[in-house]
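Encoded as structure tokens, the structure appears first; notes follow it.
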Amino acid sequence: MTHTLPENFQPAADCLKGKNILITGAGDGIGRSAALAFAQHGATIVLLGKTVDKLEAVYDEIEAAGGPQPAIYPLHLNGAVMKDYEDLRDTLEKEFGALHGLLHNASILGERKTIAQTSIESWTEVMQVNVNSSFMLTKALLPVLDVPDTSSIIFTSSSVGRQGRAFWGAYAVSKFATEGLVQVLADELVNTSNIRVNSLNPGATNTAMRRSAYPGENPDTNPAPDALMPLYLYLMSDASRDKTGLQWNAQIK
Ligand code: NAP
């Protein structure tokens, strides 16, 4: 069963005030929109990604809008190893003390081919960026996320991570793995911590990833990332404090 934003939800202007939130892939697409929306609602954002110019542009936008001063943490998820994630945790602990939110957003599409045609290199890279990095980042950050009040981890899924589809190859399989990680982690944490864990499927959204997956499609037929932000704000704010282990859809289609 999937869930959508409660009809009556209106994010309060300061619903994320005092919260420190890390976003992967914060320089572009949905991650960029989430960084701006979370900061606009009071959060201090750690912008993690691989292209520093893009992260700096988001940093500047947050500052220009009068949001809390963000931080930039450049990291290539392809090559990062556990020590890199532990270093990140130590830095966060030193600079912020605690983390109240983690949005696993960065992903790559890989090859749009049949399983038989998919190269080992592409399969391995997709699994590394979309699954292994989320596992390592989560494992490293759980201690700083276990705050006395409540914290939220959002994993980004996809329609093809809930129902398999031809030619979506490693990407689809990586999103099935993401759904599994959410279910196992949420079940482990539900009675032992204040951390909640949910899976969010943005649905077709006008970003570089969608345009590359569907080059023949008119990009304007899909919503811009900003249109999805109410669900992101709901799942990151205390309004969803009793929700864990659930599958969410940002769009009703
Ligand atoms: P996007 O526009 O391609 O943005 C992806 C972000 O992830 C970029 O900021 C990118 O950084 C970063 N990233 C990619 N590989 C990375 C790596 N190895 N290390 C660090 N950062 C990396 O994609 P999007 O459409 O916003 O997608 C966001 C999430 O939504 C993904 O999990 C995607 O699977 C999911 N999703 C999207 C759609 C859709 O229609 N757009 C639908 C369903 C699910 P650079 O810009 O520096 O490369």
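The values are calculated or read from the model by the stated rules, or taken from the named source; none is laboratory data. What you are looking at is a predicted structure, and each value in this text was computed from that prediction instead of being measured. Every residue, glycine among them, receives a Cβ derived from its backbone with ideal geometry; neighbour counts consider all protein chains shown. The area values use the complete protein model at the heavy-atom level, side chains included, leaving out ligands, DNA and RNA. Shrake-Rupley method; radii C 1.70, N 1.55, O 1.52, S 1.80 Å.
For segment 147-196, run through the trypsin sites (Lys or Arg not before Pro) and keep only the ones in DSSP coil with at most 14 other Cβ atoms within 10 Å of their Cβ. Working shown, then result.
Details: sites: 162, 165, 175, 196; in loops: 162, 165.
Those satisfying the criteria are 165.
Using the structure shown, select from 19/243; 54/139; 17/83; 175/243 the pairs with a Cα to Cα distance greater than 25 angstrom.
Numbers: 19/243 18 Å; 54/139 27 Å; 17/83 31 Å; 175/243 20 Å.
Distance filter (> 25 Å) returns 54/139; 17/83.
Which value in Å does the Kirkwood hydrodynamic radius of segment 107-253 take, with 1/r averaged over all unlike C-alpha pairs and then inverted?
Kirkwood hydrodynamic radius for segment 107-253: 16.3 Å.
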**Report entry** Fraction of accessible area attributable to carbon and sulfur, segment 31-122 (%, probe 1.4 Å)
**Finding:** 51
Report summary line: So the compactness index of segment 48-159, its C-alpha Rg divided by 2.2 N^0.38 Å, takes the value 1.21
Report summary line: Taking N as the number of residues in the chain, the ratio of its alpha carbon radius of gyration to 2.2 N^0.38 Å works out to 0.95
Query raised in the report: Could you work out the helix-only [θ] at 222 nm for the chain, with each DSSP H run of four or more residues adding -39,500 (n - 2.57) and the total divided by the number of residues, to the nearest 500 deg cm²/dmol?
Result: -12000 deg cm²/dmol
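If each residue of separation counts as 0.36 nm, what is the full-extension length gain between residue 117 and residue 217 once their alpha-carbon separation is subtracted? Before the final figure, lay out the partial values.
On the way: separation 100, 0.36 × 100 = 36.00 nm, distance 2.41 nm.
Here the segment from residue 117 to residue 217 would lengthen by 33.6 nm.
Where Lys and Arg each count +1 and Asp and Glu each count -1, what net charge lies around residue 172 among other residues with Cβ under 13 Å from its Cβ? Please list the in-between numbers first.
Numbers: positive: 112, 113, 162, 165, 175; negative: 111, 179.
Overall, the nearby charge balance is +3.
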Query raised in the report: Do any GluC sites (Glu not before Pro) in segment 1-94 lie in a DSSP loop with no more than 13 other beta carbon atoms within 10 Å, and if so, which?
Result: 7
Query - Equivalent ellipsoid semi-axes, segment 62-125, via Cα gyration tensor eigenvalues times 5, rooted, Å - result: 33, 17, 9
Query raised in the report: Taking segment 105-172, how much of its Cα-Cα pair set, in percent, is spaced more than 18 angstrom apart?
Result: 47
Report task. Could you work out how far the C-alpha centroid of segment 111-144 sits from that of segment 13-80, in angstrom? Result -> 22
Query raised in the report: Can you list the residues, at least 5 places off or on another chain, whose amide H is less than 5 Å from the amide H of residue 201, using H built in the peptide plane?
Result: 157, 248, 249, 250
**Report entry** Other-chain or far-sequence residues with amide H under 5 Å of residue 19's (modelled H)
**Finding:** 44
Report task. Output the peptides 141-153, 99-111 sorted from most to least packed, where packing is the average of other Cβ atoms within 10 Å over each peptide's residues. Result -> 99-111, 141-153
Report summary line: Output for segment 66-111: trypsin sites (Lys or Arg not before Pro) sitting in coil per DSSP, at most 10 other Cβ within 10 Å, listed by number, reads none
Requested in this report: Using only Cα atoms, tell me the angle between helix 82-96 and the longest principal axis of the chain; keep it within 0 to 90° and round to the nearest 10.
Outcome: 30
Report summary line: At R0 = 35 Å the Cβ-Cβ FRET efficiency linking residue 56 and residue 183, nearest 0.05, sits at 0.45
